[in-house]
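The values are calculated or read from the model by the stated rules, or taken from the named source; none is laboratory data. For clarity, every value in this text was computed on a predicted model and none was experimentally measured. Note that we place each Cβ from the backbone using ideal geometry, even for glycine, and neighbour counts take in every protein chain shown. Keep in mind that these areas ignore ligands, DNA and RNA; they rest on the heavy atoms of the full protein, side chains included. Shrake-Rupley method; radii C 1.70, N 1.55, O 1.52, S 1.80 Å.
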Amino acid sequence: MALLVQKFGGTSVGSIERIEAVAERVIKARQCGHQVVVVLSAMAGETNRLLGLAKQIDAIPTPRELDVLLAAGEQVSIALLAMALNKRGYSAISLTADQVVIHTDNNFNNATIHEVEIQHMTTLLGQDNIVVVAGFQGRDIDGNVTTLGRGGSDTTAVAIASALKADECQIFTDVDGVYSTDPRIVPSATRLDVIHFDYMTCMARLGAKVLQLQSVEYACQHRVPLRVLSSFEEGEGTLVNFDVMSNQNIIGVALQRQQVLVNITLPASVLNEQLGLYGLTAWNLSTNSSDDISQIVISNDDLARLRLVFDSKMRHIGMVSILSLIGKDIQQHLECIQMVLREAGIIVHTYQGDKKCLSLLINEDDHLAAVDLIHEKFVVDGQCLGNLSHLAVS
């Protein structure tokens, strides 16, 4: 008998019919003799609906009150799933973060889990219950409701799996595993049977949406085996762990779209300090020491917050995309990668990277052609040429 933590996202619980289907999926694991803890997101669209209500009141809502509002979505889905399981004769109890208890810091809208208490869950599991937990939420030291940021239910599931020493944390989503790139953009993308935590961390950080970055980092730190599975199809999915060997040099391509190129009249040191203070993440490109102009790339989603801080000092330049390749000793292929893109008329403005990942800044209009071309040449065909010794960045 194994102890499994199963997480189902918003699409998986997007309707009553889908909640009923999740109940059947959970029961299958229970019938195999496993103990099961289920972590749920809010129903698809519910978080956006609640956020929309908040913005009708205030374009930039008070962070604390926004968390109180957004945490309500998961309470609906966990109660409905518990009802569906009980109706089928399987004892289930739903728990909010308060009832678990899940302790976080007080960084509203993007809190970090510090500790998960297990006594209550362990008691319920020992009484043969299926435990259904609200994802995405926690409580700080003062008892305030906190939320974990977009995709935070993944982190809830991983943290619970770690605390309970679960045999596996299974993330059920609308795709049947981790792919070499987004299959909605590149039909030739292939599902990976296994992937090393290091590469999965790079992919999550650089734009792959299948797993939230914080959840992957938490699982890596606490050595929690992760498996990505489809909510709608049977299959083995993709296992994320440390015991993976691959002969392939480049295993995946990630894309970050809707990025904004901005000039800010501030020294880099001051700018970085201010960005950190306001919880903003940016890609620093250059600093002109003569007039203290810093050039950064930031997500379009964060542009409004950036304007609140730097409005009088910033100038919007244009939209760009960040194309990233993930693999082994990746930078040795940079010259060849740039040559392939240049021959296709795709300009690489600059790049950043390390041994496991290489990120290229390209024009937003080129992102579809670039992803398709790079995936075909370097993942499917396995092209491997070039080195850094004669590098020339366009």
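³J(HN,Hα) across the range 74-84 via Karplus (A = 6.51, B = -1.76, C = 1.60, θ = phi - 60°), whole Hz, x for Gly/Pro?
Each residue of the range 74-84 in turn: 5, 5, 5, 5, 5, 5, 5, 5, 4, 4, 5 Hz.
Run lengths n ≥ 4 of DSSP H only: what is the helix-derived mean residue ellipticity at 222 nm for the chain, with -39500 (n - 2.57) per run over all residues, to the nearest 500?
My calculation for the chain gives -10000 deg cm²/dmol from helical runs alone.
Nearest 10 degrees is fine. How inclined is helix 152-164 to the longest principal axis of the chain, computing both from alpha carbons?
60
Whose amide H sits under 5 Å from the amide H of Thr146, counting only residues 5 or more places off or on another chain, with H placed in the peptide plane?
Here the answer is Gly138, Arg139, Asp140, since their amide H atoms fall under 5 Å of that of Thr146.
Quick one: compute a quarter of the convex hull surface over the Cα atoms of the chain and quote it in nm².
Directional mean of the projected Cα hull area for the chain stands at 20.5 nm².
What residues have an amide H closer than 5 Å to that of Gln6, excluding those fewer than 5 places away on the same chain, when H is modeled at 1.01 Å from N in the peptide plane?
Val37, Val38, Val39, Gln170
Which residue, Ser94, Ser294, Ser321, tops the fluctuation ranking in a GNM of the chain built on C-alpha contacts under 10 Å?
Ser294
In nanometres, what is the gap between the two model label sites at Asn48 and His114, each 7 Å from Cα along Cα-to-Cβ?
Simple spin-label model gives 3.5 nm for this pair.
If the only charges are +1 at each Lys and Arg Cβ and -1 at each Asp and Glu Cβ, what is the size of the charge dipole of the range 250-380 around the Cα centre, to the nearest 20 debye?
About 180 debye.
Along the range 175-187, what does the Karplus equation 6.51 cos²θ - 1.76 cosθ + 1.60 (θ = phi - 60°) give for ³J(HN,Hα), rounded to whole Hz, x for Gly and Pro?
Calculated HN-Hα couplings, in order: 10, 8, x, 8, 10, 5, 6, 5, x, 6, 9, 10, x Hz.
To test your reading of the geometry: what angle, between 0 and 90 degrees and rounded to tens, separates the Cα axis of helix 334-343 from the longest principal axis of the chain?
70
In debye, nearest 20: dipole of the chain around its Cα centre with unit charges on the Cβ of K, R (+) and D, E (-)?
Approximately 260 debye in magnitude.
Angle, helix 16-31 long axis vs. longest principal axis of the chain, Cα atoms, 0 to 90°, nearest 10?
On a 0 to 90 degree scale, this one is about 70.
³J(HN,Hα) across the range 319-333 via Karplus (A = 6.51, B = -1.76, C = 1.60, θ = phi - 60°), whole Hz, x for Gly/Pro?
8, 9, 10, 10, 9, 10, 10, 10, x, 8, 6, 5, 5, 5, 9
Give me the one-decimal nm value for the distance between modelled label points at Val76 and Met319, 7 Å along each residue's Cα-to-Cβ direction.
Between Val76 and Met319, the simple spin-label model gives 3.0 nm.
Find the centroid of the Cα atoms in the range 301-318 and in the range 13-45, then give the distance between the two in whole Å.
Each part's Cα centre sits 42 Å from the other's.
Once fully extended, how much extra length lies between Val380 and Arg342, figured as 0.36 nm per residue of separation less the alpha-carbon to alpha-carbon distance?
My answer for the length gained is 11.7 nm.
Of all accessible surface on the chain at a 1.4 Å probe, what whole percent is carbon and sulfur?
Answer for the chain: carbon and sulfur cover 49 percent of the accessible area.
What percent do you get for the relative contact order of the chain when only Cα pairs under 8 Å and 6+ apart count?
Relative contact order of the chain: 13 percent.
Among the lysines, which fall within straight-line cross-link reach of Lys355, defined as a Cα-Cα distance under 25 Å, with same-chain neighbours fewer than 8 residues apart omitted?
Result set, ordered by chain and number: Lys209, Lys328, Lys377.
Which length gain, in nm to one decimal place, applies between Gln31 and Phe232 when the Cα-Cα distance is subtracted from 0.36 nm times their residue separation?
70.5 nm
Under 18 Å from a label point 7 Å along Cα→Cβ of Arg150: give me every residue in the range 159-180 with its amide N that close.
173-175
How far, in nm, would the chain grow between Asp243 and Val309 when pulled straight, counting 0.36 nm per residue and subtracting the alpha carbon separation?
Between Asp243 and Val309, full extension yields 19.3 nm more.
Are there GluC sites (Glu not before Pro) in the range 64-123 that DSSP marks as loop and that have at most 14 other Cβ atoms within 10 Å, and which are they?
Passing both the DSSP loop test and the Cβ count: Glu117.
Show me, bin by bin at 5 Å from 0, the whole-percent P(r) of the range 3-173 based on Cα pairs.
All Cα pairs considered, the percentages come to 2, 9, 20, 22, 20, 14, 8, 3, 1, 0.
Which percentage, to the nearest 5, of the DSSP beta bridges contained in the chain is antiparallel?
60
If Cys336, Cys220 are ordered by their accessible area, calculated over protein heavy atoms with a 1.4 Å probe, which sequence runs from highest to lowest?
Most to least solvent-accessible, the answer reads Cys220, Cys336.
Give me the percent relative contact order of the range 3-173, please, defined on Cα pairs under 8 angstrom at least 6 residues apart.
Relative contact order, the range 3-173: 30 percent.
Say the dipole of the range 44-159 comes from +1 at the beta carbon of Lys and Arg and -1 at that of Asp and Glu; which of Gln99, Thr123, Ser77 then lies farthest toward its positive end?
Ser77
Based on the Kirkwood radius over alpha-carbon pairs, what value in µm²/s does the Stokes-Einstein equation return for the translational diffusion coefficient of the range 16-92 at 20 °C and 1.002 mPa s?
Result for D is 153 µm²/s.
Taking trypsin sites (Lys or Arg not before Pro) that fall in a DSSP loop and have at most 11 other Cβ atoms within 10 Å as cut points, what is the longest piece of the chain between them?
After excluding every exposed loop site, the longest remaining stretch is 224-394.
Could you pull out every residue, at least 5 positions away or on a different chain, whose amide H is within less than 5 Å of the one on Val194? Hs are placed 1.01 Å off N in the peptide plane, and Pro or chain starts have none.
Leu239
According to a simple spin-label model (label point 7 Å from Cα along Cα-to-Cβ), what is the distance in nm between Ile60 and Arg223?
4.5
Can you give the accessible area per residue of the chain, in Å², using a 1.4 Å probe?
Value returned for the chain: 46 Å² of accessible area per residue.
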